[in-house]
1. For ASP148, indicate whether it is exposed (fewer than 10 other Cβ atoms within 10 Å of the Cβ) and in a loop (DSSP other than H, G, I, E, B).
2. Go through segment 176-199 residue by residue and tally those that are touching a helix residue (DSSP H, G or I) at 6+ places or on another chain (Cβ under 7 Å), crowded, with 17+ Cβ neighbours inside 10 Å and of a type outside the set (Val, Ile, Thr).
3. Any residue at all in segment 135-149 that is of a type in the set (A, V, I, L, M, F, W, C) and within 21 Å of SER98 (Cβ to Cβ)?
4. Can you tell me how many residues in segment 161-192 are within 30 Å of LEU127 (Cβ to Cβ) and at pLDDT 80 or above?
5. For residues that are small (Gly, Ala, Ser) and outside any helix (DSSP H, G or I), scanning just segment 169-216, find the one that is farthest from SER90 (Cα to Cα).
6. What pairs can you find where one residue is in segment 177-189 and not assigned by TED's automatic domain parsing to the domain that holds TYR92, the other is assigned to a loop (DSSP other than H, G, I, E, B), and their Cβ atoms are less than 8 Å apart, with a gap of 6+ or different chains?
7. Please indicate, with yes or no, whether at least one residue in segment 120-133 is under 18 Å from GLY178 (Cβ atoms) and surrounded by 12 or more Cβ atoms within 10 Å (Cβ to Cβ).
8. With (1) under 22 Å from ASP116 (Cα atoms); (2) more than 40 Å from the chain's Cα centre (by Cα) as the list, and GLN139 as the residue in question, which single condition is left unmet?
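The values are calculated or read from the model by the stated rules, or taken from the named source; none is laboratory data. All of these numbers come straight from a predicted model, not from anything done at the bench. Note that each Cβ is placed from the backbone with ideal geometry, even for glycine, and that neighbours are counted across all protein chains shown.
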Amino acid sequence: MKVYQIFKDMWRSFSNLFSKNEKNSKLMKISFIAILGIAILGLSNMFSTQEESSKIMPSLPNQGDEISSDLAWNQESSKSQTDEMQRLESSYEEELGSLLNKIDGVSEVEVMLNFDATNKHIFEKNLVIGKQVTEETDQNGGKRKIEDETKDQSVVIIRQGDQEVPISIQTQKPTLRGALIIAKGVDHLEVKKWVIDAVSKVLDVPSHRVSVLQKK
């Protein structure tokens, strides 16, 4: 409606300006048509630019979503490592407690272990060695050889079902920070010594990192 009113006002202005004679009337019509065409073209370009801008804007990458996705992945990875550590500690504690309960004079054993990390896996790797020899001649006729050696290692991957997994050739047990043993019967020095010695040898940990206390 606003555009229509603008054109209507323009027509009245031109009519008043060129209404004196027929010649001016023809000139008025030609001028008005030319101005009208320019106005329509300008409006068309304006609407086209707005439409293109509205189409381009949604295609811009959402940085907030990318940050949220990365954060969620890091949290999930950290949670997975924590769960694996807890399962490892629980497994060792259960097995060690069962063994210590079999020692003469020891009963009601409770074990708490603190590991530095989870099991460390060593994977099989392919080693590719490349060697390139370049011979150069200087301006005086002297020659020299330049040798360039490259080494490239890659983990060997095999396919198991729908997944590709690396080949593990060795699994190293985690380093133990300390062990706490609470049991009945360890108030006797000899029995306590047996428990400390057993824990040290089974877990390959120095005796000063093993604490053995009498249970109530």
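1. It is false that ASP148 is exposed (fewer than 10 other Cβ atoms within 10 Å of the Cβ) and in a loop (DSSP other than H, G, I, E, B).
2. 5
3. No.
4. So the answer is 3.
5. Checked segment 169-216; the qualifying residue farthest from SER90 (Cα to Cα) is GLY185.
6. Between residues of segment 177-189 that are not assigned by TED's automatic domain parsing to the domain that holds TYR92 and residues that are assigned to a loop (DSSP other than H, G, I, E, B), there is no close pair.
7. Applying the first criterion (under 18 Å from GLY178 (Cβ atoms)) to segment 120-133 yields none.
Scanning segment 120-133 turns up no residue that is under 18 Å from GLY178 (Cβ atoms) and surrounded by 12 or more Cβ atoms within 10 Å (Cβ to Cβ).
8. The number of the failed condition is (1).
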